[in-house]
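Asker: This is the structure I want to talk about, given as structure tokens.
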Amino acid sequence: LGKLLGRDSSMVNSLAGSALMLLCYDPFLLWDVGFQLSYLAIIGIITFQGPVYRCFNKLPFLLDSIWKLTSITIAAQVFTFPVCIYYFQQFPNYFLLSNLIAVPLSTIILFEELFLVLFSGLESVAHFAGIIVEYSIHWMNLALRFINQLPFAVTDNIPADIFVAMSMYVMLTAIVYFQRNKSILNLYVLLTTVLFLSFSISACSIRLQRRSAIIVYAVKKHFALDVISARNVISYADSLIQQNLKVLKETTGPTKKRLSIPMGSWYFIHDSMKLISCNKKKLLLIEGAVQINTAAKKLPVDVLVVSHVSLSTFEHYLERVIPAMVVASNFESNYQQKLCSAYAQAHGIKYFDVQQNGAFYLNCSKD
């Protein structure tokens, strides 16, 4: 708009203006990962692409074109890296290769879509343009999927918390300032941010080493739980989901990545009882209709996890177990789910239904 009016335009102001308009339309976009990655990538290109490109700025035309595209990719990747490891705990090792394909193709697709919008009133032209757009996106996705399936395509389970991510952005800001003004003060500031990042990474590593927790996941019509000690994890699930591991991984995967929990092997159980100890916290897992010995003394536990239950089995368990809290994973039917919830409420039992409230997290750490 500035160029059309004959005025100098600032990329930073244009970026801020577009972000402002989008956030006025929907303020919650600020917490959208796609929004964050998009704007961080553009900020990286604006501030970092020039210095990276000038490392090799006297190349033949073809190599110069490839290096220019590569410098854009590096600049964008550097500024999105902290957010990527914070949200997804992983890094794409072949990002240069994938972006050499995605950037030019996505640019072409963008112009194809603009053409489609401009001629949307002409049915035959719009139909032909729509087919071109569809196949362009299809072939781009096929190429990126092929790269993603190559060996060592992703470095996974990178531990990072919000402090590590913020420390990285503080350090990147210091690098940009030092690159623009190479003063001794900016050098000291940069070295301080590097030290601060080292402290943040060390603190995150110590936190993971001292971590002890139990997670009961919300898997529809099934149960799955993790017992976590430091960076080790023991995973349990019901045997009925054994034939559909894809659902299990898709349901538990995002939470595991978010909490830096490795994807280990699953232990499948069916119609049984298992007493699990996690840093002096006792959890009793009951899967299916299990008869508990009525002659035995009542068992006190911190958490009772019940799965595939009805009101009758629920009452039977509570006659033989004294739980500080009951976590219900799933039920024989929706009707039984309502009955169990009403029973727990009527008897003053601390109760958590993962099907209604999402995953249950129990911190077992000493501190």
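The values are calculated or read from the model by the stated rules, or taken from the named source; none is laboratory data. Treat the numbers as computed from the prediction; the structure is a model and nothing was measured. Quick reminder, even Gly has a Cβ in these numbers, built from the backbone with ideal geometry, and neighbours come from all protein chains shown. When the accessible area is computed, the model is the full protein with side chains, heavy atoms only, and any ligands, DNA or RNA have been set aside. Shrake-Rupley method; radii C 1.70, N 1.55, O 1.52, S 1.80 Å.
Asker: Using +1 on the beta carbon of Lys and Arg, -1 on that of Asp and Glu, and nothing else charged, what's the dipole of the chain about the Cα centre, debye to 20?
Answerer: Around 1260 debye, computed over the chain.
Asker: Quote to one decimal, in nm, the extra length available between CYS24 and LYS246 on full extension: 0.36 nm per residue of separation minus the C-alpha distance between them.
Answerer: Net length gain for the segment: 76.0 nm.
Asker: How far is the Cα center of segment 302-367 from the Cα center of segment 111-157, in Å?
Answerer: So the separation of the two Cα centres works out to 47 Å.
Asker: As an exercise, identify the trypsin sites (Lys or Arg not before Pro) in segment 253-303 lying in DSSP coil whose Cβ has no more than 12 other Cβ atoms within 10 Å.
Answerer: Passing sites in segment 253-303 are LYS280, LYS297, LYS298.
Asker: What's the FRET efficiency of SER277 with LYS220 using the Cβ-Cβ distance as r and R₀ = 25 Å, to the nearest 0.05?
Answerer: On the way: r = 29 Å, r/R0 = 1.14.
Computed FRET efficiency for SER277 and LYS220: 0.30.
Asker: Just to be sure I understand: with springs between alpha-carbon atoms less than 10 Å apart, which residue in SER239, SER200, SER265 has the highest mean-square fluctuation in the Gaussian network model of the chain?
Answerer: Between SER239, SER200, SER265, it is SER265 that shows the largest mean-square fluctuation.
Asker: Starting from the Cα of LYS297, draw a straight line to each of the aspartates and glutamates and keep only those under 13 Å, dropping any in the same chain fewer than 8 residues away.
Answerer: GLU319
Asker: Continuing with this model, one more query. If you fit an axis through the alpha-carbon atoms of helix 11-25 and take the longest principal axis of the Cα set of the chain, what angle between them do you get, 0 to 90°, nearest 10?
Answerer: 40
Asker: Long-range amide H contacts for ILE158: which residues qualify at under 5 Å (H placed 1.01 Å from N, peptide plane, sequence gap of 5 or more or a different chain)?
Answerer: GLN90
Asker: Helix 162-180 versus the longest principal axis of the chain: what angle, 0 to 90°, nearest 10, using Cα atoms?
Answerer: 10
Asker: Determine the share of segment 274-322's accessible area contributed by carbon and sulfur atoms, expressed in whole percent, with a 1.4 angstrom probe.
Answerer: Ligands and nucleic acids excluded, carbon and sulfur reach 52 percent.
Asker: Measure off, as a whole percent, the carbon and sulfur share of the 1.4 Å-probe accessible area of segment 1-158, all protein chains present.
Answerer: Carbon-and-sulfur percentage of accessible area, whole number: 71.
Asker: Exactly which trypsin sites (Lys or Arg not before Pro) in segment 58-158 are in a DSSP loop and have at most 10 other Cβ atoms within 10 Å?
Answerer: Working: sites: LYS58, LYS68, ARG145; in loops: LYS58.
Qualifying residues, ordered by number: LYS58.
Asker: Between segment 228-260 and segment 11-29, how many Å separate their Cα centres?
Answerer: Cα centres, segment 228-260 to segment 11-29: 38 Å.
Asker: OK, next. In segment 138-243, with Lys and Arg counted as +1 and Asp and Glu as -1 at Cβ, which of these residues, ALA213, ILE234, MET166, has the Cα nearest the positive end of the dipole, that is, farthest along it?
Answerer: MET166
Asker: Taking springs between alpha-carbon atoms closer than 10 angstrom, which of PHE95, PHE111, PHE79 fluctuates most in the Gaussian network model of the chain?
Answerer: In this elastic network of the chain, the residue with the biggest mean-square fluctuation among PHE95, PHE111, PHE79 is PHE111.
Asker: Taking amide H atoms as placed 1.01 Å from N in the peptide plane, list the residues 5 or more away in sequence, or in a different chain, whose amide H sits under 5 Å from that of VAL321.
Answerer: Amide H to amide H, under 5 Å and 5 or more residues apart or across chains, VAL321 pairs with LEU299.
Asker: A follow-up question, please. With all protein chains present, how much of the accessible area of segment 196-264 (probe radius 1.4 Å) comes from carbon and sulfur, to the nearest whole percent?
Answerer: 57
Asker: Ok, one more. Tell me, how many Å apart are the Cα centres for segment 205-222 and for segment 36-52?
Answerer: Answer, in whole Å: 35.
Asker: Let me ask something else. Which length gain, in nm to one decimal place, applies between ARG7 and GLN356 when the Cα-Cα distance is subtracted from 0.36 nm times their residue separation? Intermediate results must be reported in sequence, preceding the final value.
Answerer: Numbers: separation 349, 0.36 × 349 = 125.64 nm, distance 5.59 nm.
Length difference between fully extended and current span is 120.1 nm.
Asker: Can you give the accessible area per residue of the chain, in Å², using a 1.4 Å probe? All intermediate terms of the calculation are to be shown ahead of the outcome.
Answerer: On the way: 22080 Å² over 367 residues.
Counting only protein heavy atoms, the per-residue value for the chain is 60 Å².
Asker: Quick one: putting +1 on the C-beta of Lys and Arg, -1 on the C-beta of Asp and Glu, what dipole do you get for segment 267-367 around its Cα centre, in Debye to the nearest 20?
Answerer: With Lys and Arg at +1 and Asp and Glu at -1, about 420 debye.
Asker: If you fit an axis through the alpha-carbon atoms of helix 33-53 and take the longest principal axis of the Cα set of the chain, what angle between them do you get, 0 to 90°, nearest 10?
Answerer: 40
Asker: Right, another one. Semi-axes of segment 38-137's equivalent ellipsoid from the Cα gyration tensor, sqrt of 5 times each eigenvalue, largest first, rounded to whole Å?
Answerer: 31, 19, 12
Asker: Among the aspartates and glutamates, select those whose C-alpha is under 19 Å from the C-alpha of LYS246, and discard any that sit fewer than 8 residues away in the same chain.
Answerer: ASP156, ASP226, ASP238
Asker: Another question, then. In the structure displayed, which of LYS274/LYS350; LYS256/LYS338; LYS282/LYS338 lie more than 25 Å apart, Cα to Cα?
Answerer: In this structure, LYS256/LYS338; LYS282/LYS338 lie more than 25 Å apart at Cα.
Asker: So what is the diffusion coefficient of the chain in µm² per second by Stokes-Einstein at 4 °C and 1.567 mPa s, using a Kirkwood Rh over Cα pairs?
Answerer: Estimated via Stokes-Einstein, D reaches 52 µm²/s.
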